[in-house]
1. With the condition kept exactly as written, say whether any residue in the stretch 182-196 is within 19 Å of C98 (Cα to Cα) and crowded, with 16+ Cβ neighbours inside 10 Å.
2. Does Y224 satisfy the condition of being modelled with pLDDT of 95 or more and either surrounded by 20 or more Cβ atoms within 10 Å (Cβ to Cβ) or under 17 Å from V81 (Cβ atoms) (or both)?
3. Restricting to the stretch 1-33, and then to whatever is among the polar types (S, T, N, Q) and surrounded by 11 or more Cβ atoms within 10 Å (Cβ to Cβ), can you tell me which residue is modelled with the highest pLDDT?
4. Hey, any hits in the stretch 13-22 for a residue that's within 28 Å of A223 (Cα to Cα) and in a helix (DSSP H, G or I)?
5. Name the helices (runs of 4 or more DSSP H) wholly within the stretch 123-190 that hold at least 1 residues that are at pLDDT 90 or above and over 21 Å from S241 (Cβ atoms)?
6. Applying the selection to the stretch 39-60, what residues are at pLDDT 80 or above and closer than 30 Å to G283 by Cα?
7. Which condition breaks for S573 when tested against (1) more than 16 Å from F493 (Cα to Cα); (2) over 31 Å from the mean Cα position of the chain (by Cα); (3) at pLDDT 95 or above?
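The values are calculated or read from the model by the stated rules, or taken from the named source; none is laboratory data. Nothing here was measured: the structure is a model prediction, and the numbers come from that model. We place every Cβ from the backbone using ideal geometry, glycine too, and count neighbours over all the protein chains shown.
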Amino acid sequence: MSMQESVVRLKARYWPDHLLGEILSKRWTETAIPVIVLFIVAFGLSQAIDNFFSPAALSDTARQAGEIGFVVLGMALVVVVGGIDLSVGSMFALCDFCALYCLDVLNWPVPAVVVATIACGALLGAVNGFLIGYLRLRAFITTLITLIIYRSAYDLLLFGNSVKIASAFPDFASWDFIGTGSLFGIPSVALVYIVVAVFGHIFMTRMRPGWHITAIGGSRRSAYNSGIAVRRTIALCYVASGALTATGALFFAARLGTVGGDIGVGLEVTALTATVLGGITLGGGNGSVAKALAGTLIVLLVTNGLTTLGVRGGFNRMVLAGILLVAAMIDIRWLKNRSRIISKVYVSPTYHFLPPPPSTEVGKGGPFEQNDKLRDVTLIGLGKIEAPEDVILDRHDNLYAGSRHGDIIRFLAPGYERMEVYAHIGGQPLGMAFDRQDNLYCCIGGMGLYRITPERKIEKATDETNRSLYSVNDDSRLRLADDLDIADDGRIFFSEATVRYEMHEWPVDGLEARGNGRIICYDPKTNTTHTALRGLKFPNGICIASDGQSILFAETFGCSIKRYWFDGPKKGSVEIVMDNLPGYPDNINLASDGNYWLALVGMRSPALDLAWRMPGFRKRMGKRLPVDEWLFPNINTGCVVKFNEKGEILESFWDLKGTNHPMITSMREHRGYLYLGGIANNRIGRYKLDNADPNFVQYDRRWGKTS
């Protein structure tokens with residue numbers, strides 16, 4: 001290895017560009033700039049103003065932050081759904097009046113005042129929601145009109161009632177607690193805000209209605225075509241905004257107990273500035289509670305800081321308007337450049353060295369010498385099935401294969417001319433295996449591990465595993481479950497090719513060759529899933545070894561077969577069975593003589609072997625060329641080999657012309673025949689084996705049942 005190649009290898013291994021890409025791709029990094037700005041503002045004010053963060057000042061700030069924070073949450077909600085609400089200031093004033101009128105003039109009890117105030121805000125929001133959601137009026141002009149109407153209504157109500165409210169002196173301990181009370185030193189309004197904020201975070205990130213809101217903001221037409229109740233959801237967002245605004249007004253009324261002509265004036269600018277400063281996109285479809293909180297604190301600290309420095313109120317609003325303009329510009333530029341940075345650093349190929357492969361040339365001997373044995377393959381379902389990545393037979397000789405249309409197709413014995421849809425799952429079926437109860441387990445790309453009962457009922461087994469402690473990327477969700485096998489005690493071991501990319505993005509993982517794959521174990525008895533082995537280069541075929549305590553698995557882009565012990569004295573250890581194969585290994589299955597069949601999905605080439613050692617070249621290739629023009633293994637030549645647990649090749653089968661079965665991803669031996677599958681093929685191959693056990697049924701061998 002030359003000095004230059006050593007530098008390339010070290011740079012690709014230790015330079016953390018892929019780590020930076022994973023960090024930037026996390027949604028919480030969208031809040032990075034608002035949080036940084038918040039710390040800068042806080043530090044600057046603490047240096048400019050004495051005792052700006054004293055306990056008393058922090059308590060007052062927390063109360064104001066809670067009151068304004070509720071309004072900002074409401075504003076953020078309607079912005080995420082793709083709207084805007086300019087009437088929040090007028091609604092705030094009306095709800096403040098409602099609370100004090102019910103308490104001071106009507107002498108209602110405090111619980112009734114709370115309910116009436118929140119109901120008032122919800123009703124005012126419902127007016128906006130009906131006009132914007134159901135009548136489909138434009139949000140900006142509609143809320144601008146309701147701002148004027150609500151402010152006029154407030155002014156009319158204030159005339160003749162302000163004296164009554166000002167002359168009343170209610171004495172309710174519960175009302176005083178709402179306004180000025182605290183618990184464990186934390187103001188009551190802050191406690192309630194924390195509860196609402198936590199619920200809001202869970203609602204937006206973990207609950208279906210929250211996903212619907214984000215989807216509508218991202219693309220209203222697509223959300224409608226997906227079956228989401230768009231109009232109702234938008235209307236309810238405005239109702240929620242009104243209720244949240246009323247909650248903030250309730251605490252404000254309890255704290256100050258006053259009404260005046262300037263209450264709520266400019267609050268819409270404050271709330272909108274906080275929303276944008278927090279990083280919530282004005283175009284909709286992107287936002288969070290954390291962003292709303294960060295924006296609220298920035299605006300409040302700036303406002304209080306300017307007030308403490310003696311700046312007049314009008315100038316305050318000018319500063320906020322200026323901040324709003326700058327924040328909108330930063331919002332647009334940051335989102336654009338963040339996506340650009342991610343696209344540059346997320347896909348990060350690494351150095352991958354493969355020694356020269358063993359010879360496969362005719363006439364040179366060796367276990368991989370090419371032949372044309374598969375020229376006599378009989379074709380099943382030609383043109384009737386697409387992408388049968390794996391094939392399997394039951395104890396009644398029926399043949400099963402997946403289809404890219406989301407179906408598992410069953411070809412009926414003995415002739416395999418009749419076919420039917422055995423189950424429609426929806427995703428791409430990959431590896432399959434039967435258990436003792438005749439349940440057909442199947443890995444579904446992008447969905448996880450599923451089972452089909454003998455009654456054809458489709459059940460999800462698992463679609464997640466334990467998240468690794470040191471992973472920035474959330475690797476708990478299964479992205480590309482690939483192949484599986486079932487141990488004697490019922491545990492299911494299956495491979496996941498990559499934790500970074502989705503099913504349709506698997507070539508990108510191959511481009512990286514970084515070791516993003518893993519082996520996962522699912523136990524049906526306890527319904528638990530855990531990751532058994534990590535850091536594998538596109539792990540693929542899985543087969544329980546003869547000892548019942550280990551598995552053989554293929555590491556496709558590592559061109560190797562390895563063995564992992566999940567039980568016994570060597571539990572947890574891994575050893576190489578075969579290395580430096582001439583092709584890229586895929587599925588592994590039992591042979592009738594106790595050995596194993598292995599499919600080579602594609603053959604190596606000098607150009608691709610060289611490209612593995614040039615991560616910079618592969619990165620440029622990935623950026624500048626479409627996927628179908630990348631360097632790929634030669635998938636036009638199909639190959640199957642038989643090997644033993646010592647790693648010795650016992651036999652090989654080739655289709656040199658690639659006419660009968662050009663690409664092979666799986667094979668199953670059954671009653672003297674070898675059945676071939678290929679994810680890029682439109683057929684299943686059937687090859688008559690010489691000297692094979694005609695009574696061998698893999699199902700019977702594994703589970704001890706008779707045909």
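1. yes
2. Numbers: modelled with pLDDT of 95 or more: no; either surrounded by 20 or more Cβ atoms within 10 Å (Cβ to Cβ) or under 17 Å from V81 (Cβ atoms) (or both): yes.
Against the criterion (modelled with pLDDT of 95 or more and either surrounded by 20 or more Cβ atoms within 10 Å (Cβ to Cβ) or under 17 Å from V81 (Cβ atoms) (or both)), Y224 does not qualify.
3. Filtering the stretch 1-33 down to residues among the polar types (S, T, N, Q) leaves 2, 4, 6, 25, 29, 31.
Imposing the further condition that a residue be surrounded by 11 or more Cβ atoms within 10 Å (Cβ to Cβ) reduces the set to 6, 25, 29, 31.
Working: S6: 80, S25: 75, T29: 72, T31: 72.
Restricting to residues being among the polar types (S, T, N, Q) and surrounded by 11 or more Cβ atoms within 10 Å (Cβ to Cβ), the top hit is S6.
4. The initial filter retains those residues of the stretch 13-22 that are within 28 Å of A223 (Cα to Cα), namely 22.
Imposing the further condition that a residue be in a helix (DSSP H, G or I) reduces the set to 22.
So far as the stretch 13-22 goes, yes, one or more of its residues are within 28 Å of A223 (Cα to Cα) and in a helix (DSSP H, G or I).
5. Details: elements: 139-158, 162-167, 173-180.
Passing ranges, in order: 139-158, 173-180.
6. F39, I40, A42
7. Going through (1) more than 16 Å from F493 (Cα to Cα); (2) over 31 Å from the mean Cα position of the chain (by Cα); (3) at pLDDT 95 or above one by one, S573 breaks only (1).
Every residue, every condition in (1) more than 30 Å from R613 (Cα to Cα); (2) assigned to a strand (DSSP E or B); (3) touching a residue at least 40 places away in the same chain (Cβ under 8 Å); (4) in contact with a helix residue (DSSP H, G or I) (Cβ under 7 Å, 6 or more places away or on another chain), yes or no:
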site	(1), (2), (3), (4)
Y501	no, no, no, yes
A532	no, yes, no, no
G535	no, yes, no, no
N540	no, yes, yes, yes
